[in-house]
There are 2 protein chains.
Amino acid sequence: MKLSDFEFEVMQVFWDQGSLTAPEVHKVIAEQRKVAYSTVKTIIDRLEEKQALVRERTYGRTILYGAAVTRESLSKPMVHSFIGKLFGGNVRPLFNHVLKEESMSLEDVAYLQEILDQKRRKLEEEKE
Amino acid sequence: MKLSDFEFEVMQVFWDQGSLTAPEVHKVIAEQRKVAYSTVKTIIDRLEEKQALVRERTYGRTILYGAAVTRESLSKPMVHSFIGKLFGGNVRPLFNHVLKEESMSLEDVAYLQEILDQKRRKLEEEKE
DNA sequence: GTTTTATATCTACAGATGTAGTTTCATAGC
DNA sequence: GCTATGAAACTACATCTGTAGATATAAAAC
C-alpha cells in the first residue's frame, strides 16, 4: 500500500490517538496548520478506499474511523525503499550520514551502543 | 529543491558516473528497466529547469549534462524530513527500526560500533 | 548532395495529490 | 413539527509525475 505524505500524516494521528471521527482528525491537524475540513475528509475517504481506515461505528451520522493497518506494516517498506533509494540498500552509509548530519546527544549515542551490542550478541548466537 | 523519485534516480546516475549525455543516461537506466528515450529526456529537461543539471558542452547537437547540485545537499534534507515524518525527528526509533528490520552482518555491526565510538569521542571533546 | 540516423524539442495524457467549495441530509434543539 | 447545525458526500481543479509518441533538425554516411 502506497500512501501520500498527507495520507501518512493522517494515519499517524490514528496511530497516536486511536479511533477518531473526521471532525476530530480535522481539529488535530488544524492545530498545526490551516486546512479545510473537507480537505481532511477527502484524505480520510481516500484512506478508507485504500482500506487503511475502517468505519468502526457511528454516532448519529458521524462516523468513527479506526486504523486498519499498523504503523510498522507501513513503516517497514517505507524505510526499506528509502534506504534503497538513497544509499543503495546499505546501512553503513545511512548511519554515516545520520551520525554526521543529525543532531544527537551523548545519551543517544549510549543508547545506540546498547542496542547495537544487543544486535551483535543476537547475530553471534544465530551464527552457531 | 524537491525532486521526484525518477528525477532523483537520474541524479544518482550523474553523481555515480559524472557528466553524461541524454542517450548515455537512457542507456544506463534502460539496462535496469524498459523505458523510452523521450521519457528519460523529459526528466533531464525537468532537472535542467530546476537547475539540478547544467549543460556543460555539446558534441555536434548532442548535449553533455553535469550535476549542478551535490548528492549531499539533496540527501541531507531528504533524510532529515524522512526521520521527521516517520520517527518524529528522533534517531533512536530510527535505529531501533533499522536494527530490527534491515538485514545486517556482524561486520556491519562492528563498523557501526566503530563509527559510533568515534562520534562519542567527538561529542565528549565538544562538551569540554 | 542526398539519404539516413540520431538527438533534441514539442506535445499529450492519465493518474496521483493537495486543496476546498457545494450540496445533501440526519439529528439536535426549540 | 420546524429550524438550525454539523457532518457526510459529491464535485472540481491546478499541479506534479511518469510515461511516451510525433516532429524537427543537425550531423554522419554514402
Sort out which residues of segment A:57-69 are exposed (fewer than 14 other Cβ atoms within 10 Å of the Cβ) and either under 18 Å from the mean Cα position of the chain (by Cα) or of a type outside the set (Lys, Arg) (or both), and write them in order of number. A:Thr58, A:Tyr59, A:Gly60, A:Thr62, A:Gly66
Quick one: which residue in A:Ser38, A:Ser4 is within 12 Å of DNA strand D (Cβ to nearest atom), within 14 Å of chain B (Cβ to nearest Cβ) and of a type in the set (S, T, N, Q)? A:Ser4
So for segment A:39-51 (the condition being more than 16 Å from DNA strand C (Cβ to nearest atom), out of contact with any Leu (no Cβ under 8 Å at 6 or more places or on another chain) and not assigned by TED's automatic domain parsing to the domain that holds A:Lys119), does at least one residue qualify? no
Here's a check for you: in segment B:93-128, which residue that is more than 7 Å from every other protein chain (Cβ to nearest Cβ) and outside any helix (DSSP H, G or I) is nearest to A:Glu72 (Cα to Cα)? B:Ser103
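For every residue, the table says whether it meets (1) free of Cβ contacts under 8 Å to residues at least 40 places away in the same chain; (2) aliphatic (A, V, I, L, M).
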{"site": "B:Phe8", "(1), (2)": "no, no"}
{"site": "B:Gln32", "(1), (2)": "yes, no"}
{"site": "B:Ala36", "(1), (2)": "yes, yes"}
{"site": "B:Thr39", "(1), (2)": "yes, no"}
{"site": "B:Asp45", "(1), (2)": "yes, no"}
{"site": "B:Lys50", "(1), (2)": "no, no"}
From the option list B:Glu56, B:Glu72, single residue qualifying as away from DNA strand C (no atom under 15 Å from the Cβ) and at pLDDT 95 or above is B:Glu72
Can you find a residue that is more than 15 Å from B:Phe95 (Cα to Cα) and touching a Ser or Thr at 6+ places or on another chain (Cβ under 6 Å) anywhere in segment A:112-127? no
Exactly one condition in (1) more than 16 Å from DNA strand D (Cβ to nearest atom); (2) surrounded by fewer than 16 Cβ atoms within 10 Å (Cβ to Cβ) is false for A:Lys27; which is it? (1)
Condition set polar (S, T, N, Q) and either farther than 26 Å from B:Glu72 by Cβ or open to solvent by 30 Å² or more (accessible area, probe 1.4 Å) (or both), scope segment A:75-92, selection farthest from DNA strand C (Cβ to nearest atom): answer is A:Asn90
Can you tell me how many residues in segment B:107-128 are in contact with a Lys or Arg (Cβ under 9 Å, 6 or more places away or on another chain) and open to solvent by 40 Å² or more (accessible area, probe 1.4 Å)? 3
Run A:Lys34 past the list (1) charged (D, E, K, R); (2) over 17 Å from the mean Cα position of the chain (by Cα); (3) away from DNA strand C (no atom under 15 Å from the Cβ) and report the number of the one that doesn't hold. (3)
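The values are calculated or read from the model by the stated rules, or taken from the named source; none is laboratory data. What you see is a predicted model; the values in this text were computed from it and never measured. Cβ sites come from the backbone with ideal geometry, for glycine too, and all protein chains shown count toward neighbours. All accessible areas refer to the heavy atoms of the entire protein, side chains included, with ligands and DNA or RNA removed. Shrake-Rupley method; radii C 1.70, N 1.55, O 1.52, S 1.80 Å.
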